[in-house]
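Engineer: One structure, pasted below without further comment.
FYI, it's all coordinate maths here, none of it is from the lab. Every value quoted in this text rests on a predicted model; they were computed, and no experiment measured them. In this analysis, Cβ positions are derived from the backbone assuming ideal geometry, glycine residues included, and neighbour counts consider all displayed protein chains.
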Amino acid sequence: MSIRKSKYLETPLLATPRLILRKFTLDDAMDVYEYAKEPEVAKYVTWEAHKSIGDAVSFINWAQDRYASDSGGDWGIEYRENGRIIGSLGFVNLETVNSCGTIGYALSKEYWGKGLMTEAVKRLIRFAFEEMKLNRIDAVHVCENEASGKVMQKAGMTYEGLLRQRLYSKGRYWDVKQYAILKDDLIQSVK
Ligand SMILES: CC(C)(COP(=O)(O)OP(=O)(O)OC[C@H]1O[C@@H](n2cnc3c(N)ncnc32)[C@H](O)[C@@H]1OP(=O)(O)O)[C@@H](O)C(=O)NCCC(=O)NCCS
């Protein structure tokens, strides 16, 4: 029997003071539907707001296929206080050859403005540098989505520039702002 080698350590549970980042299970479908049905949550992401719980089940099936292929997420974001799944985050792209990954995330509207996504992103960045052995993590947000840019800044990422019409989503091109953090940045910040 051969032992399967994991490149990205199979989406392990990651804890923060207020959150548990963990794999989705089908039992999470109603929680996912609750946040993903909100047009405001889906406004600046590439996916459409969920129209039924079936969309949430499809999303979880997709996430579970990704666990099977060890592609760096998506983690469900569980709020410790009530045990509910309130969002997701993970790698939308991973380049082994460059040790580089691109992250994406979304949170239930009910929980915005409490610093929760910053807390989750910081934990994922630490995991990615310390355990996945990545060297660079980047992220983009459409220019209008300033709250997302704020999360990137608060997580220690550096603004790298405006990419014109870099993203095609929902029938149009969007200008995006790109941020990144390097392993060296993290080492410098704790010195
Ligand atoms: C973007 C998102 C993840 C932020 O999550 P969050 O947990 O509310 O983020 P945080 O509380 O950690 O930080 C948000 C910051 O943005 C600020 N902010 C909120 N709305 C803002 C706006 N319209 N303009 C500028 N800043 C804004 C908040 O004040 C906060 O900063 P502060 O801590 O200095 O006060 C959340 O709004 C979300 O899920 N949006 C929908 C999905 C999405 O857009 N995902 C990102 C795709 S790139």
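Engineer: Looking at Ser99, Ser169, Ser108, which is the one that is touching a Ser or Thr at 6+ places or on another chain (Cβ under 6 Å) and either of a type in the set (S, T, N, Q) or under 21 Å from Trp62 (Cα atoms) (or both)?
Structural biologist: Of the residues listed, the single one that is touching a Ser or Thr at 6+ places or on another chain (Cβ under 6 Å) and either of a type in the set (S, T, N, Q) or under 21 Å from Trp62 (Cα atoms) (or both) is Ser169.
Engineer: Another question, then. Please go through segment 44-73 and give me each residue that is within 14 Å of the ligand (Cβ to nearest atom), without any contact (Cβ under 8 Å) to a residue 60 or more places away in the chain and not aromatic (Phe, Trp, Tyr), ordered by number.
Structural biologist: Those that are within 14 Å of the ligand (Cβ to nearest atom), without any contact (Cβ under 8 Å) to a residue 60 or more places away in the chain and not aromatic (Phe, Trp, Tyr): Ala49, His50.
Engineer: Given the options Leu26, Leu9, Leu13, name the one that is in contact with a Lys or Arg (Cβ under 8 Å, 6 or more places away or on another chain), more than 16 Å from the ligand (Cβ to nearest atom) and not polar (S, T, N, Q).
Structural biologist: Residue meeting the stated conditions: Leu13.
Engineer: Is one or more of the residues making up segment 56-64 surrounded by 16 or more Cβ atoms within 10 Å (Cβ to Cβ) and touching a His at 6+ places or on another chain (Cβ under 9 Å)?
Structural biologist: For segment 56-64, residues surrounded by 16 or more Cβ atoms within 10 Å (Cβ to Cβ) and touching a His at 6+ places or on another chain (Cβ under 9 Å): present.
Engineer: In this structure, is Ile85 within 16 Å of the ligand (Cβ to nearest atom), part of a helix (DSSP H, G or I) and touching a residue at least 40 places away in the same chain (Cβ under 8 Å)?
Structural biologist: no
Engineer: Checking Tyr44 against (1) under 27 Å from Leu186 (Cα atoms); (2) out of contact with any Cys (no Cβ under 7 Å at 6 or more places or on another chain): exactly one of these is not met. Which one?
Structural biologist: (1)
Engineer: Going by the structure shown, is Ala49 among the small types (Gly, Ala, Ser) and outside any loop (DSSP other than H, G, I, E, B)?
Structural biologist: no
Engineer: Then there is this: For segment 34-43, which positions are surrounded by 18 or more Cβ atoms within 10 Å (Cβ to Cβ) and either near the ligand (Cβ under 8 Å from one of its atoms) or basic (Lys, Arg) (or both)?
Structural biologist: Matches in segment 34-43: Val41 only.
Engineer: Follow-up. I need the strands (runs of 3 or more DSSP E) fully contained in segment 97-191, keeping only those with at least 3 residues that are surrounded by 15 or more Cβ atoms within 10 Å (Cβ to Cβ) and touching a residue at least 12 places away in the same chain (Cβ under 8 Å).
Structural biologist: 100-107, 136-142, 172-182
Engineer: Out of Lys109, Lys150, Lys183, report the one residue that is out of contact with any Gly (no Cβ under 8 Å at 6 or more places or on another chain) and more than 10 Å from the ligand (Cβ to nearest atom).
Structural biologist: None of the others qualify; the one that does is Lys183.
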